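Asker: So that we are looking at the same thing, I have put the structure below in C-alpha cells.
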Protein chains: 2
Amino acid sequence: MPNISIKGKSMPESPIRKLVPYAEDAKKRGIKVFKLNIGQPDIETPTQAIDAVKNSDIKILAYSRSEGSDNYRSKLAQYYSKKNISVKQNDIIVTSGASEALFFTLGSIMDPGDEIIIPEPFYANYNGFSVANGIKILPITSSIEDNFSLPKISEFKKLITPKTKAILICNPNNPTGYLYSKEEIKKLVEIVREYDLFLIADEVYREFTYDGYKHYSIMEEESIDQNAIMIDSVSKRYSMCGARIGCVVSKNKELIKTVLKFAQARLSPPTFAQIASLAALETPEKYFDDVIKEYKKRRDVLIKKLREIPGIKVSVPKGAFYCIVELPVDDANNFASWLLKNFSLNNETVMVAPAEGFYSSIDTGKNQIRIAYVLNEKDLISATNIIKEALIQYRN
Amino acid sequence: MPNISIKGKSMPESPIRKLVPYAEDAKKRGIKVFKLNIGQPDIETPTQAIDAVKNSDIKILAYSRSEGSDNYRSKLAQYYSKKNISVKQNDIIVTSGASEALFFTLGSIMDPGDEIIIPEPFYANYNGFSVANGIKILPITSSIEDNFSLPKISEFKKLITPKTKAILICNPNNPTGYLYSKEEIKKLVEIVREYDLFLIADEVYREFTYDGYKHYSIMEEESIDQNAIMIDSVSKRYSMCGARIGCVVSKNKELIKTVLKFAQARLSPPTFAQIASLAALETPEKYFDDVIKEYKKRRDVLIKKLREIPGIKVSVPKGAFYCIVELPVDDANNFASWLLKNFSLNNETVMVAPAEGFYSSIDTGKNQIRIAYVLNEKDLISATNIIKEALIQYRN
C-alpha cells in the first residue's frame, strides 16, 4: 500500500467541524442541536445578489479572468474607497474565498520553514494554510483578562528572527470579537517598518462593529503600502459564505504579480458567485444597519445570559460575531463532546467550538470555547440555558 | 521593502495566458484575434444546469459541506457507475475545479522534495501545483512521431527513486489529444503495483473521444484501488468552466480522510456551482452526441487544413480538444508573440499557446504550439489560413 505522506497527515482537523459527527448522531436520536460552532449566519443574503444570478443571461458558463472580472474589481475598489481604503482595480486579485486569498499570500511571500507571527487565539484554519505551505506559526498569546487586546510589542520583538516574514492579524477578530484600535494598528505599523515585515490583515468582519467603535484598516497607513496586505471576503459581509469570493488587496505590485501566478494556475474564481458579489456591492446601508442592530442585540443577550452562569468568564466582543468563553471545566473539548453525546435539556442541546484549536501554543485555551452568535435571540437564550444546566450536571 | 520570497517568484507563468496582453493590444488596434490558446469551449452549457441555478430558492447563500453536498456526491457516484467506474458517495470529495482537486491530492500524498513522474508535454498548470507544493516533476518525453503515446515503461523505471510517490497522467490528454489505450493503462497498473506508487489520472475529458475509441479509466482496475486517484471536473464535460467544480475520487480511505482536512481548511466548494453541477448530471446523451460530433468535425477540418501547410507536423488527437503542432520555426514562442504583435491578415490574427510551457525538460518542444479547437469550423479555417500566411512571412 502506498505511503500517504506525513505532510498530509499533519494537516490539523478543523476545530469547528470536529464535533459535527456527534451532532449528527444527536439529531438521529431526535435531539435539536443549536449550532454555535460555525460562523454561518442565519441572516438573509441581500436579495439583489441572489437576483443578479437569477436574472443573468448566461449561455456559456465560462472562465472569468484569473484575477477576477474587471467589472467586479473596479466596483470593489469603489466600495473600498468609501471605507477610506484607497486602492485601484489592479491592486486586487479575486479569490475563492478569503481562504484562497490567504493561501496565495502565504505562498507568495514565504518559503517553507519561514515564520509568521500571529496573536492567538486565531482563526483555526490559519493552521491549515500554514501546514500546507510548510511554514511555521509563532503565536503570541492574548488574554481574556485584557479582552484579547494586542499583546505588548516587546513580545513580538522577542520572536522575530531572519526567518520571520510577516505578522498576521484578524480585525475584527475571529474568534475573540476584539477590534484593534487605531493606536494598536499604529504600533504594528511601527514594528513592521522597523523589521521590514509584511503586515497581513484579515478584515472580513470590517462592517461588524458595535458600541460606536469603527474599524481602522491597515490599508489606511500609507507609510506601509509596500508591506500591507489585506485579506477580504464577501462571505460574512453579505451573508453569502457559499459564494466563495474573497480577495487579496495590496499596493505592492510585485506581490500582486506573484499572487496572480497562483491565481492563473487555478484558472479562475467562480463565475456565478462573482455576479452575485458584484450586485451585492449595491446593498443599501439599511441592510447593514439592520444586521448590525440584530447582532448587537444578540451579543448583548448572549453576554448577559453567559454572565449569569457561575464560574464563567467572557470577553465582550466589539466586533465580528464571536466570543471566547472560559468555562469552569478542565477540558472544554470533553465538555463540548459530552454536550452532544450525553446531554440534552427538553430534547435540545448545543454545539460549540472548543477553543483549544484556535491556539497554537500547547495546552492553552483548554478551558475555553468559541461561541458564534449566529442564531436569533430566542435560540441564544435557549442555548445559554442549556450550557448553564449542562455545566451543573457535568461538574457533578 | 520586504523580501518577496523565492518560492513565490518561482511560480511559473501560465503559458496559455502569457500572450494575453499582446492579444489585448492587438484588439485595441482593431484586429480580431482567434483564441486557440485556451480550452474555453464555445459550446453552450446544458440549459438545465443554468436553469437549476435560476430556479433555486436560496435565501441564505450558505456554506455547503466541505466534502461537497450529499445530494451532489451521491448522484455523481451514479454517473460514474454508468461509466463503469464503481465508486460510492464517500469516495468523492468535491473541490473548486480539478485544479484544487490535484492540489489537495499532491498535498496529501507528498512531502516537499518528493517526486512525481509525468509524461510530457503535460497540462502546464501541473507545474504550478508542484511548485506550490514544493515537489519535483520528473518528466518523460513522449514524441509527436508516436502521436504522443505512452513512453516505454523502462523509461519510467529509470526515474523511480525512494522519493517517487506517484505517476500522473491526463487521459484523454491535454495538450496532445492522445487517448491512452486499455493496454497502456494496464502497463501503468503493473508498474505502480511493482513499486507501490500512486497512479493519478486527470480524466476531465472522458466524454471527448473520437473515431470509435472509448475512454478506459484507471478506476476500472480493481487491483490498484488503494493506489488509484481520479481527478475530475464539470468544466469541459458540460462546458461550464466558470462553475469551478471538480473532485478527487479514490477508494483509499486514508487519502480521502486527508484530502478532507485540506477541504475543511478552505471551508466549502461554491454553492451555486454545485446546484448547477447537480442538474448537469441530468444532461441527456444527445447533448454529448451533438457536442462530440461538432468537435470531431472541427478536429477533422483543423488537421486537414494544418496538413496543407508546408513544413508542419501534427499529431491526430483521439480525444479532448487539443493538438500539438510542430512548426517550421526555431522558436514557436517568438512566432506566437509575433502573430499578435506584428501580423494580421485582413485585420485578423491568431493566439496560440507556445508548447514549451507544457514541457518540463529544458529546450524541449520549442518549435511546437498547442491549438485548442474550441472555435467553430469557419473560424478554424480562417485561423489556419492566417497561420499559413504568417509562416510564409515570418520565415522570410
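Asker: Count, please, the residues in region B:333-344 that happen to be buried (at least 18 other Cβ atoms within 10 Å of the Cβ) and under 17 Å from B:N385 (Cα atoms). Spell out how you get there, then give the answer.
Answerer: Of the residues in region B:333-344, the ones buried (at least 18 other Cβ atoms within 10 Å of the Cβ) are B:333, B:335-336, B:339-340, B:343-344.
Among the residues that remain, those that are also under 17 Å from B:N385 (Cα atoms) are: B:335-336, B:339-340, B:343-344.
Total satisfying the criteria: 6.
Asker: Of all the residues that make up region B:122-179, how many are assigned to a loop (DSSP other than H, G, I, E, B), open to solvent by 20 Å² or more (accessible area, probe 1.4 Å) and among the small types (G, A, S)?
Answerer: The number of residues fulfilling the criteria is 3.
Asker: Go through region B:227-255 and count every residue that is touching a strand residue (DSSP E or B) at 6+ places or on another chain (Cβ under 6 Å) and of a type in the set (A, V, I, L, M). Please lay out each step first, then the result.
Answerer: Quick first cut of region B:227-255, residues touching a strand residue (DSSP E or B) at 6+ places or on another chain (Cβ under 6 Å) only: B:227-233, B:246-250.
Adding the requirement that they be of a type in the set (A, V, I, L, M) leaves B:228-231, B:248-249.
Number of matching residues: 6.
Residues checked against (1) closer than 20 Å to A:S382 by Cβ; (2) facing chain B (nearest Cβ under 7 Å); (3) touching a His at 6+ places or on another chain (Cβ under 9 Å):
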residue	(1), (2), (3)
A:A23	yes, no, no
A:I31	yes, no, no
A:I38	yes, no, no
A:P41	yes, no, no
A:E44	no, yes, no
A:Q48	no, no, no
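Asker: Now for a separate question. Return the pairs, sorted by first residue and then second, in which the second residue is among the polar types (S, T, N, Q) and surrounded by fewer than 18 Cβ atoms within 10 Å (Cβ to Cβ), the first residue lies in region A:183-201 and is farther than 17 Å from A:E155 by Cβ, the beta carbons are less than 7 Å apart, and the residues are 6+ apart or on different chains.
Answerer: Between residues of region A:183-201 that are farther than 17 Å from A:E155 by Cβ and residues that are among the polar types (S, T, N, Q) and surrounded by fewer than 18 Cβ atoms within 10 Å (Cβ to Cβ), the close pairs are A:R193/A:S223.
Asker: Could I ask something else about it? Tell me whether region B:50-58 contains one or more residues that are of a type in the set (G, A, S) and under 30 Å from B:K214 (Cβ atoms).
Answerer: Yes, there is a match, as at least one residue in region B:50-58 is of a type in the set (G, A, S) and under 30 Å from B:K214 (Cβ atoms).
Asker: Here's a check for you: in region A:345-396, which residue that is of a type in the set (F, W, Y) and surrounded by 24 or more Cβ atoms within 10 Å (Cβ to Cβ) is farthest from A:E24 (Cα to Cα)? Reasoning before the result, please.
Answerer: Residues of region A:345-396 of a type in the set (F, W, Y): A:358-359, A:373, A:394.
Narrowing the set further to residues that are surrounded by 24 or more Cβ atoms within 10 Å (Cβ to Cβ) leaves A:358, A:373.
Details: A:F358: 23, A:Y373: 21 Å.
Going through the qualifying residues, I end up with A:F358.
Asker: Evaluate the following for B:K27: is it more than 9 Å from every other protein chain (Cβ to nearest Cβ) and either open to solvent by 10 Å² or more (accessible area, probe 1.4 Å) or among the polar types (S, T, N, Q) (or both)?
Answerer: Values: more than 9 Å from every other protein chain (Cβ to nearest Cβ): yes; either open to solvent by 10 Å² or more (accessible area, probe 1.4 Å) or among the polar types (S, T, N, Q) (or both): yes.
Spelling it out, B:K27 is indeed more than 9 Å from every other protein chain (Cβ to nearest Cβ) and either open to solvent by 10 Å² or more (accessible area, probe 1.4 Å) or among the polar types (S, T, N, Q) (or both).
Asker: Next question, about the same structure. B:F104: part of a loop (DSSP other than H, G, I, E, B) and of a type in the set (A, V, I, L, M, F, W, C), yes or no?
Answerer: Values: part of a loop (DSSP other than H, G, I, E, B): no; of a type in the set (A, V, I, L, M, F, W, C): yes.
Answer is no for this residue.
Asker: Scan B:G39, B:G97 and give me the residue that is closer than 23 Å to B:H215 by Cα, modelled with pLDDT under 95, crowded, with 18+ Cβ neighbours inside 10 Å and touching a strand residue (DSSP E or B) at 6+ places or on another chain (Cβ under 8 Å).
Answerer: Matching residue, one of B:G39, B:G97: B:G39.
Asker: Report, by residue number, each residue of region B:56-65 that is touching a residue at least 40 places away in the same chain (Cβ under 8 Å) and either within 7 Å of chain A (Cβ to nearest Cβ) or surrounded by fewer than 16 Cβ atoms within 10 Å (Cβ to Cβ) (or both).
Answerer: Just the residues of region B:56-65 that are touching a residue at least 40 places away in the same chain (Cβ under 8 Å), to begin with: B:56, B:58, B:61-65.
Within region B:56-65, B:I58, B:L61, B:A62, B:Y63, B:S64 qualify.
Asker: Next up: Based on this model, can you work out whether A:I109 counts as buried (at least 23 other Cβ atoms within 10 Å of the Cβ) and either β-branched (V, I, T) or without any contact (Cβ under 8 Å) to a residue 24 or more places away in the chain (or both)?
Answerer: yes
Asker: Something else about it: Return the only residue of B:V301, B:V325, B:V352, B:V291 being over 24 Å from A:Y63 (Cβ atoms) and among the aliphatic types (A, V, I, L, M). Steps first, answer last, please.
Answerer: Values: B:V325 fails: over 24 Å from A:Y63 (Cβ atoms); B:V352 fails: over 24 Å from A:Y63 (Cβ atoms); B:V291 fails: over 24 Å from A:Y63 (Cβ atoms).
Only one candidate qualifies: B:V301.
Asker: Give the number of residues within region A:181-207 that are surrounded by 23 or more Cβ atoms within 10 Å (Cβ to Cβ), under 14 Å from A:A228 (Cβ atoms) and not hydrophobic (A, V, I, L, M, F, W, C).
Answerer: Residues meeting the conditions: 2.
Asker: Another one. A:Y72: surrounded by fewer than 19 Cβ atoms within 10 Å (Cβ to Cβ), assigned to a helix (DSSP H, G or I), in contact (Cβ under 8 Å) with a residue 24 or more places away in the chain and more than 7 Å from chain B (Cβ to nearest Cβ), yes or no? Working first, answer last.
Answerer: Details: surrounded by fewer than 19 Cβ atoms within 10 Å (Cβ to Cβ): no; assigned to a helix (DSSP H, G or I): yes; in contact (Cβ under 8 Å) with a residue 24 or more places away in the chain: yes; more than 7 Å from chain B (Cβ to nearest Cβ): yes.
Criteria not met by A:Y72.
Asker: Do we find that A:A280 is more than 14 Å from chain B (Cβ to nearest Cβ), touching a residue at least 12 places away in the same chain (Cβ under 8 Å) and open to solvent by less than 10 Å² (accessible area, probe 1.4 Å) in this structure?
Answerer: No.
Asker: I'm trying to understand the selection: among the residues of region B:42-55, which are over 18 Å from the mean Cα position of the chain (by Cα) and open to solvent by 20 Å² or more (accessible area, probe 1.4 Å)?
Answerer: Selection gives B:E44, B:T47, B:Q48, B:D51, B:A52, B:K54, B:N55.
Asker: I'm checking my understanding of the structure. Among residues of region B:234-261 that are surrounded by 23 or more Cβ atoms within 10 Å (Cβ to Cβ), of a type in the set (S, T, N, Q) and at the interface with another protein chain (Cβ under 10 Å from one of its Cβ atoms), which one is nearest to B:G97 (Cα to Cα)?
Answerer: Among them, the one singled out is B:S235.
The values are calculated or read from the model by the stated rules, or taken from the named source; none is laboratory data. The model shown is predicted, which means the values in this text are computed figures rather than measured ones. Neighbour counts are summed over all protein chains in view; Cβ atoms, including those assigned to glycine, are modelled from backbone coordinates with ideal geometry. Quick note on the areas: whole protein, heavy atoms, side chains included, nothing else; ligands and nucleic acids left out. Shrake-Rupley method; radii C 1.70, N 1.55, O 1.52, S 1.80 Å.
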